[in-house]
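Presented below is the structure to which this report refers.
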Amino acid sequence: MIELGRFQIDLEMRTLQRNGETVPLGSRAFDILAAVASADGRLVTKDELMTIVWPDTIVEENNIQVHLSALRKVLGQDRDLILTVPGRGYQLRQRRKNVLSDEAGVRASGVRASGSQALRARRLPPPKSGLLGRDLAVRQIRALLEQTHVLTLVGAGGIGKTSVAVEAAHHSSADFEEPVCFVELAQLTTEEAVLRAIVERCGLSVHDPQVDVEQVVAALARQCRLLVLDNAEHVIGIMAHIVEALVAGNDALRVLVTSREPLRIMPETVFRVEPLDVPPPHSTDADILRCSAVNLFLRHANSLQGKVASDSTELQLVGEICRRLDGIPLAIELAAARVVALGVEGVHRRLDDRMAILAGGYRTALPRHQTLRATFDWSFAILDQNARSLFRRLAVFGDAFTFEAMCAVVCDEAYTVANAIGSIGELVAKSLVGVEFEGPVAKYRLSESTRAYAMAKLQAEGEQDDIAARHARYLPARRQSAA
Ligand SMILES: Nc1ncnc2c1ncn2[C@@H]1O[C@H](COP(=O)(O)OP(=O)(O)O)[C@@H](O)[C@H]1O
Ligand SMILES: [Mg+2]
């Protein structure tokens with residue numbers, strides 16, 4: 001219960017009372033009041049309110065105003081309790097008084113904060129309905145979170161890291177005393193911004209205008225909490241430093257990170273998110289239908305188009321599309337969306353031009369999830385010059401290749417073997433190049449989509465003929481030396 005002037009807010013029962021009498025208030029208006037009152041004087045940004053009040057839908061910003069004015073009407077002469085900070089958000093003008101089941105009081109007594117249950121789930125995006133093929137991964141992640149302080153879900157863009165992290169966090173939330181705190185990092189670029197976001201999302205009290213990591217460590221001290229840090233790859237160095245400090249200061253804290261690249265810190269366990277399963281060539285219809293990638297394609301295409309893959313020929317094509325898209329859910333969703341205009345056969349036939357056809361994702365998705373090219377642009381943008389050179393040159397390899405083959409084709413006076421050693425490590429770490437082992441020998445491979453993107457870069461750089469010629473020269477030389 002939170003007391004606010006003449007009003008009492010019961011978070012558990014979701015009621016507002018004035019001097020003991022219930023005052024009717026719409027559900028959205030209540031959510032806004034609860035969010036601002038729970039923040040206890042801290043500014044609640046518009047974005048934060050939107051996520052709390054409309055966790056499942058994207059709505060226009062003016063919806064906040066509509067419900068806020070309904071709320072202010074109910075508050076009557078106390079309407080000024082909620083202050084509008086123009087362009088930024090909303091704030092409680094007067095500090096709340098905490099009564100009995102208040103979150104902080106409960107926390108101090110070491111008991112789970114039951115009054116915050118409603119807000120507990122809302123800090124986390126809603127679980128995705130119909131997440132396919134991830135039951136085992138979710139169980140493994142939950143189990144790993146019991147043993148390790150920092151768990152990083154690593155994989156290529158669009159492979160499903162965020163989806164599986166959200167699902168696992170929902171499953172794990174009961175294992176923690178405090179609400180799960182979910183921080184989306186994609187828009188943040190500085191340490192200060194990241195720390196501020198953690199403070200805001202966790203509802204911590206840090207009053208200094210300049211937040212530093214020690215303050216956040218102190219504010220999180222002893223909290224038994226799961227912190228989900230989503231999309232860390234573009235601020236990986238900053239995150240490594242912050243996460244290491246946070247877990248060093250709190251043994252009960254668990255941090256679940258999603259990133260295309262590991263943090264590379266001591267307390268980290270890396271969990272590779274695998275692609276959805278795809279049918280091998282010549283699978284039967286029944287086997288194709290058992291694959292999660294195929295089910296995702298069919299579900300998405302059917303929701304847009306009606307009946308897709310109603311016969312065996314079409315189903316076989318769907319199986320091949322999913323395989324050639326390497327089981328990456330984002331690419332599969334984009335391909336399925338194209339069925340409306342091109343049909344299954346048309347999508348299949350144009351897969352060689354996938355950068356052009358795999359566009360037009362959800363309007364509400366992150367910009368880098370709206371086209372396949374944008375997903376790769378996001379990864380490419382954070383490579384250094386050497387890694388970019390290597391990456392585009394690797395486009396000439398249609399199959400798995402060894403380090404030796406790679407050096408023979410990509411190295412020259414300007415691009416040395418030492419450069420190649422550093423850069424291949426970086427590309428593997430950033431989930432752009434896969435590595436597999438044949439006994440002691442490492443072999444590298446680009447997925448078909450990655451290769452298509454790298455080829456476009458090679459062409460744009462005007463290097464295609466030169467690198468293709470070196471590749472062609474290497475092959476016979478290799479055959480002769482093997483003979
Ligand atoms: N297992 C899955 N089942 C159904 N859809 C999925 C699955 N995994 C991912 N998706 C969908 O694929 C897209 C990309 O997933 P996301 O989790 O954002 O990937 P990442 O975080 O690795 O970039 C999203 O639209 C998501 O809803
Ligand atoms: Mg993500």
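Taken along the Cα-to-beta-carbon direction at a fixed 7 Å, the label points for THR84 and ALA245 span 3.7 nm. Once you place label points 7 Å from the Cα toward the Cβ at ASP465 and ASP311, how far apart are they in nm? If labels sit at ASP465 and ASP311, their model points lie 4.7 nm apart. Placing a label point 7 Å from the Cα of THR402 along the Cα-to-Cβ direction, the residues of the range 423-461 whose backbone N falls under 15 Å of that point are 436-445. Averaged over residues, the count of other Cβ atoms within 10 Å places the peptides 461-468, 340-347 in the sequence 340-347, 461-468, highest first. In plain terms, the chain from ASN386 to LYS443 could stretch by 18.5 nm, reckoned as 0.36 nm per residue minus the Cα-Cα distance.
Count Lys and Arg as plus one, Asp and Glu as minus one, and take only other residues whose Cβ is under 11 Å from that of ALA186; the net charge is then -2.
When the pairs LYS161/LYS307; LYS307/LYS457; LYS307/LYS430; LYS46/LYS128 are compared against a 28 Å limit on Cα-Cα distance, LYS161/LYS307; LYS307/LYS457; LYS307/LYS430 fall above it.
Backbone phi angles across the range 231-243, fed through the Karplus curve with coefficients 6.51, -1.76 and 1.60 (θ = phi - 60°), yield HN-Hα couplings of 6, 8, 4, 7, 10, 4, x, 4, 5, 4, 5, 5, 5 Hz in residue order; Gly and Pro are listed as x.
Subtracting the Cα-Cα distance of THR364 and VAL417 from 0.36 nm times their residue separation leaves 14.7 nm of extension gain.
Determine which residues of the range 309-330 fall in the zone a paramagnetic label at THR284 would reach in this model, i.e. backbone nitrogen under 20 Å from the point 7 Å along Cα→Cβ. 310-320, by backbone N distance to the label point.
Give the calculated FRET efficiency between ALA143 and ALA221 to the nearest 0.05, with a Förster radius of 25 Å applied to their Cβ-Cβ distance. Efficiency, rounded to the nearest 0.05: 0.45. Between GLN17 and GLU177, the distance separating the two model label sites (each 7 Å from Cα on the Cα→Cβ line) works out to 2.8 nm.
Based only on Cα atoms, what Rg/Rh ratio does the chain have, Rh being taken as Kirkwood's radius?
My calculation of the ratio gives 1.03.
Every read-out reported here was derived from the displayed coordinates using simple, explicitly stated rules and does not represent laboratory data. Given the structure is predicted, the values throughout are model-derived calculations rather than measurements. No Cβ is skipped: glycine too gets one built from the backbone with ideal geometry, and neighbour counts run over all protein chains shown.
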